[in-house]
Amino acid sequence: MATSLTTGRPWRVILTFSVPLLIGNIVQQMYQFVDAIVVGRHLGVESLAAVGATGSLLFLLLGFAWGLTSGFAIPTAQAFGAGDHPAVRRSVAAGAVLTAITSVLLTVIAPLIAAPVLELMKTPPELMAEATIFTQVSFIGAGAMMFFNFLAAIIRAIGDSRTPLVFLTLACVLNIGLVILMVGPLAWGVAGAAWATVISQAVSVLLCLEYVRRRVPVLHLRRADWRVTRADLAEHLRLGLPMGFQASIIAIGTLTVQIALNTLGTDAVAAYTTASRVDGIAVAMLSSLGLAVSMYAAQNLGGRRPDRIRKGVVQAIWISLAAGAVIGAVIIAFGVPMVRLFIGDGSDEVVDLAHLMLVVNGATYWALGVLFVVRGALQGLGYTLIPTVTGIVELAMRISAAIVLGAMFGFIGVALSNPLAWLGAIALLLPAYVRAHRKLGRMPVEPVEMTLTTPIPVIGPTDGSMTVDAVVTSPIPVVSPSRRRRTARKVDA
């Protein structure tokens, strides 16, 4: 259901919007959790390490795609916050065109370079065969992943964070069933785990499309909407490319970490892979708050409510500090039994190394939470330079830790790469947001009088409690596209 984020108490609006994102991220991490458990227990530690050895390479390209599609949704959210529905549709069309082009490039080129890149990463010879198969299959299904991320992003951009959660949950349940079937009875090995993910993501794309067709007329594109201009494409690339490159820059640092781990042996790779699965759950919890802040800032920028952006971001920072401290304490306290889910009995060296990494990361989750919130706020306001620069800082910190500290202290030196990267990024992000915060304070607060109510029809039941068609009416401030662009330029100034 389309929802405006420009009214209500800021902290409550952000939390309400972020909870479905949080649950969705946890669900997604849980099915990756199950994948790793099935692979580790059914195929062995070596196969688990092979899958883990592909993580940084997959993140390099697929992470770029995820950041790109998330950026495409920011103009959609700004247009929706301004009540400009034609601009919403044009934004969706421009994003869809760019997503399709990127999907084709990834599907054709990435599988061809998988094996050579894995060799450059110094992947252990005993892991190469399975790592190559897993990577190639994952890239073949890149289009499904990209379009689900894009569709989920534009649905969230109109204030609906619950529907993508439903489809993600269904896809995850399907993935779990498929991975058990394909790795177990069908004996497809690590390729089965990759195909299970690809198929489940393709199903989620179909579910999103059907939902939009049936229940979200505001996103129904007309023939004229597909006549996107160079200016439309340029604006979406201006916001999408920096977010994609930011993820890629981080992934390059992760690649460096992976190379350093490969030189430490299979146990180190398996430990890092296992710890990353547990760590991923914590990171997912904190990243959902950052994404919520991004959509909140974008809608309120379009709705000309800089006062709400200022208040909401500060409140979200406090929430992230508290959440980071609590999550870190839980991960540190229960890290060993969580790691044992993957490894089982034996392999004590792997368990000890994995827990060591969880302790290092858990102690600094508070910093990661602040990073996500501040970066999300800047991205929602349309800033691109500083978030990209912080990605470069993270890259430098990760490379330094992996090469220098890894050579000096071994696995613990490599494990320090994440906290150092987070702290380095915060050192740049906080001053940048303070400047943006002050600029927002000088902007006039000009909320449009609610003299026009724009109905957003939602066909059919939305919560399982109704059996008749319903029309949900959402008050949306209406503003001209030119006025919205002038407001955006004030913030960029």
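The values are calculated or read from the model by the stated rules, or taken from the named source; none is laboratory data. This one's a predicted model, so the numbers in the text were calculated from it and none came from an experiment. Every residue, glycine as well, gets a Cβ built from its backbone with ideal geometry; the counts of neighbours run over all protein chains shown. Surface accessibility is based on the protein's heavy atoms, side chains included, excluding ligands, DNA and RNA. Shrake-Rupley method; radii C 1.70, N 1.55, O 1.52, S 1.80 Å.
Accessible area of the chain with a 1.4 Å probe: how many percent of it is carbon plus sulfur? Write down the numbers at each step before the final one.
Numbers: 13210 of 19410 Å².
The nonpolar share, carbon plus sulfur, comes to 68 percent.
What is the gain in length, in nm to one decimal, between ALA187 and ARG41 on full extension, counting 0.36 nm per residue of separation less the C-alpha to C-alpha distance?
Separation in residues times 0.36 nm, less the Cα-Cα distance, equals 51.2 nm.
Mind checking which of PRO337, ALA377, PRO185 is farthest towards the positive end of the chain's charge dipole, using Cβ charges of +1 (Lys, Arg) and -1 (Asp, Glu) about the Cα centre?
ALA377
Residues of segment 11-104: accessible area per residue at 1.4 Å, in Å²? Spell out each step's value before the answer.
Numbers: 2750 Å² over 94 residues.
Spelled out: the 1.4 Å probe surface of segment 11-104, per residue, equals 29 Å².
For the residue pair ARG214 and ALA333, what label-to-label distance in nm results when each label sits 7 Å from Cα along the Cα-to-beta-carbon direction?
Computed distance between label sites ARG214 and ALA333 equals 4.3 nm.
Using the alpha-carbon atoms, what tilt in degrees (0 to 90, nearest 10) does helix 230-264 show relative to the longest principal axis of the chain?
The angle comes out near 20 degrees.
Assigning unit charges at the beta carbon (Lys, Arg +1; Asp, Glu -1) and nothing else, what dipole magnitude in debye, to the nearest 20, does segment 128-242 show about its Cα centre?
Details: 10 positive and 6 negative charges, 105 e Å.
Dipole of segment 128-242, to the nearest 20 debye: 500 debye.
May I ask which residue of ALA231, LEU174, VAL137 lies farthest towards the positive end of the charge dipole of the chain, with charges of +1 (Lys, Arg) and -1 (Asp, Glu) on Cβ and the Cα centre as origin?
Of the listed residues, the answer is ALA231.
Under a Cβ-only charge scheme (Lys and Arg +1, Asp and Glu -1), can you give me the dipole magnitude of the chain about the Cα centre, in debye to the nearest 20? Please list the in-between numbers first.
Numbers: 35 positive and 24 negative charges, 535 e Å.
The calculated dipole for the chain is roughly 2560 debye.
Quick one: what Rg and Dmax do you get for segment 116-173 from the alpha carbons, in Å?
16.6, 48
Please work out the C-alpha center-to-center distance from segment 307-344 to segment 230-286 and express it in whole Å.
Each part's Cα centre sits 19 Å from the other's.
Between LEU385 and THR107, what length comes free when the chain is fully extended (0.36 nm per residue of separation minus the Cα-Cα distance, one decimal in nm)?
Details: separation 278, 0.36 × 278 = 100.08 nm, distance 2.90 nm.
Contour length minus the Cα-Cα distance gives 97.2 nm.
Tell me, what is the FRET efficiency for LEU120 and ILE412 to the nearest 0.05, using R0 = 35 angstrom and their Cβ-Cβ distance as r? The partial results should precede the final answer.
Values: r = 26 Å, r/R0 = 0.73.
FRET efficiency, LEU120 to ILE412: 0.85.
Using the alpha-carbon atoms, what tilt in degrees (0 to 90, nearest 10) does helix 162-183 show relative to the longest principal axis of the chain?
20
Quick one: Cα convex hull volume of the chain, Å³ per residue?
Working: hull volume 67.6 nm³, N = 493.
Convex hull of Cα atoms, per residue: 137 Å³.
What is the magnitude of the charge dipole of segment 182-289 about its Cα centre, with +1 placed on the Cβ of each Lys and Arg, -1 on the Cβ of each Asp and Glu, and no other charges, expressed in debye to the nearest 20?
Working: 9 positive and 6 negative charges, 132 e Å.
Once rounded to the nearest 20, the dipole reads 640 debye.
Can you tell me the 0 to 90 degree angle between the C-alpha axis of helix 85-120 and the longest principal axis of the chain, rounded to 10?
Orientation of helix 85-120: about 10 degrees from the principal axis.
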